[in-house]
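Colleague: This is the structure I want to talk about, given as structure tokens.
The values are calculated or read from the model by the stated rules, or taken from the named source; none is laboratory data. Just so we're clear, the structure is a prediction, and the values are computed from it rather than from any experiment. As a convention, Cβ positions derive from the backbone with ideal geometry for all residues, glycine included, and neighbour counts pool all protein chains shown. All accessible areas refer to the heavy atoms of the entire protein, side chains included, with ligands and DNA or RNA removed. Shrake-Rupley method; radii C 1.70, N 1.55, O 1.52, S 1.80 Å.
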Amino acid sequence: MLGLLVASLALALSFFALLDGWYLVRVPCAVLRARLLQPRVRDLLAEQRYAGRVLPSDLDLLLHMNNARYLREADVARAAHLTRCGVLGALRELGAHAVLAASCARYRRSLRLLEPFEVRTRLLGWDDRAFYLEARFVSLRDGFLCALLRSRQHVLGTSPERVVQHLCKRRVEPPELPEDLQHWIAYNEASSQLLRAESGLGDVIKDQ
């Protein structure tokens, strides 16, 4: 019995020491919670909220939440969001999946130790290759928007239009994307063209 306990403890320590353990636990838990315990969200463009709190493990040397944690929290909230609105399920049924192709973040005010916050996620729209999402980090102490993240989820194996049509059982026109998001998309495309040119690949290989 003691040997089994030691082996289990060693396995748990190895899991968290060698792998990003909490992330590998939290994302599946967020997906399961969204699928089994929360109601389905029928409106694809509706905002969804995911609660959080700044823990000691989130802090940097300046004792506020470090910038990498915002990306992680947005990732967890995005997984829950896409589950509740049915996008992840539709991708699975179509034999497709989505990967994070680009993201940008704007930090406006620090989140401090034990400060409660919400990640407010919404789908801004889509084009022929990707979904575009926004995550707002809002302090629950005073409602201040502390950080704003935008992400591009590239769809592999099908198209965003087919995913939406599969969900809504009809063809849906994508909403017009915000002007600042269009500038960001144009920047990403220009960057991709530059990188392909630098590599001498031209249009042979496209970014995913």
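Colleague: Ignoring ligands, DNA and RNA, what percent of the accessible area of the range 30-107 is carbon or sulfur (1.4 Å)?
Modeller: About 55 percent, which is the carbon plus sulfur part of the accessible surface.
Colleague: Follow-up question, since we're still on this one. Considering every pair of different Cα atoms, what Kirkwood radius, in Å, is found for the range 38-77?
Modeller: Values: mean 1/r = 0.0824 Å⁻¹.
Hydrodynamic radius (Kirkwood, Cα only) of the range 38-77 equals 12.1 Å.
Colleague: What is the calculated FRET efficiency for Leu177 to Met1, with r their C-beta to C-beta distance and R₀ = 41 Å, to the nearest 0.05? Don't jump to the answer; show the numbers that get you there.
Modeller: Numbers: r = 60 Å, r/R0 = 1.46.
FRET efficiency, Leu177 to Met1: 0.10.
Colleague: Where is the GNM fluctuation largest for the chain (alpha-carbon springs, 10 angstrom cutoff): Ala46, Ala135, Ala77?
Modeller: Ala46
Colleague: Can you check what the net charge comes to around Cys104, using other residues whose Cβ is under 11 Å from the Cβ of Cys104 (Lys, Arg +1; Asp, Glu -1)?
Modeller: Local charge sum for Cys104: +1.
Colleague: Compare His166, His97, His154 by solvent-accessible area with a 1.4 Å probe and give them largest first, with all protein chains kept in place.
Modeller: His97, His166, His154
Colleague: On to the next question. Enumerate the calculated ³J(HN,Hα) couplings along the range 72-83 in order (Karplus 6.51 cos²θ - 1.76 cosθ + 1.60, θ = phi - 60°), each rounded to whole Hz, writing x wherever the residue is Gly or Pro.
Modeller: Using θ = phi - 60°, the values come out as 5, 4, 5, 5, 5, 5, 5, 4, 5, 4, 5, 6 Hz.
Colleague: Sticking with this one: Sort Leu13, Leu61, Leu37 by heavy-atom solvent-accessible area, probe 1.4 angstrom, most to least.
Modeller: Numbers: Leu13 110, Leu61 170, Leu37 140 Å².
Ranked from most to least accessible, the order is Leu61, Leu37, Leu13.
Colleague: Follow-up question, since we're still on this one. Could you tell me the ratio Rg/Rh of the chain? Both radii from Cα atoms, Rh via Kirkwood. Numbers along the way, then the final one.
Modeller: Working: Rg = 19.4 Å, Rh = 19.1 Å.
So for the chain, dividing Rg by the Kirkwood Rh gives 1.02.
Colleague: Related question: Compute, for Phe15, the solvent-accessible surface of its heavy atoms (probe 1.4 Å) with the complete set of protein chains present, and express it in square angstrom to the nearest 10.
Modeller: Surface open to solvent at Phe15 totals about 70 Å².
Colleague: For the range 18-31, take each phi angle, set θ = phi - 60°, evaluate the Karplus expression 6.51 cos²θ - 1.76 cosθ + 1.60, and give the result in whole Hz per residue in order, putting x for glycine and proline.
Modeller: So the J values, rounded to whole Hz, are 9, 10, 7, x, 4, 5, 5, 8, 5, 5, x, 5, 5, 5.
Colleague: Summing +1 for each Lys or Arg and -1 for each Asp or Glu, what net charge is found among the other residues whose Cβ lies under 9 Å from the Cβ of Leu124?
Modeller: It works out to a net charge of +1.
Colleague: Further question: Using label points projected 7 Å from each Cα along Cα→Cβ, tell me how many nm separate Leu18 and Asp60, to one decimal.
Modeller: 3.1
Colleague: A follow-up question, please. With every protein chain present, what is the per residue accessible area of the range 139-208 (1.4 Å probe, Å²)?
Modeller: Numbers: 4480 Å² over 70 residues.
With the other protein chains kept in place, the range 139-208 gives 64 Å² per residue.
Colleague: Let me ask something additional. Please get the size of the charge dipole for the range 130-174, origin at its Cα centre, with Cβ charges of +1 on Lys and Arg and -1 on Asp and Glu, quoted in debye to the nearest 20.
Modeller: The calculation lands at about 160 debye.
Colleague: Something else: What longest region of the chain stays clear of GluC sites (Glu not before Pro) that DSSP places outside H, G, I, E and B and that have at most 15 other Cβ atoms within 10 Å?
Modeller: Longest site-free region, per DSSP loop and neighbour criteria: 48-175.
Colleague: Let me ask you something else. Treat the range 21-88 as a sphere of radius equal to its Kirkwood radius over Cα pairs and apply Stokes-Einstein at 10 °C in a medium of 1.306 mPa s; give the translational diffusion coefficient in µm²/s, rounded to a whole number.
Modeller: 122
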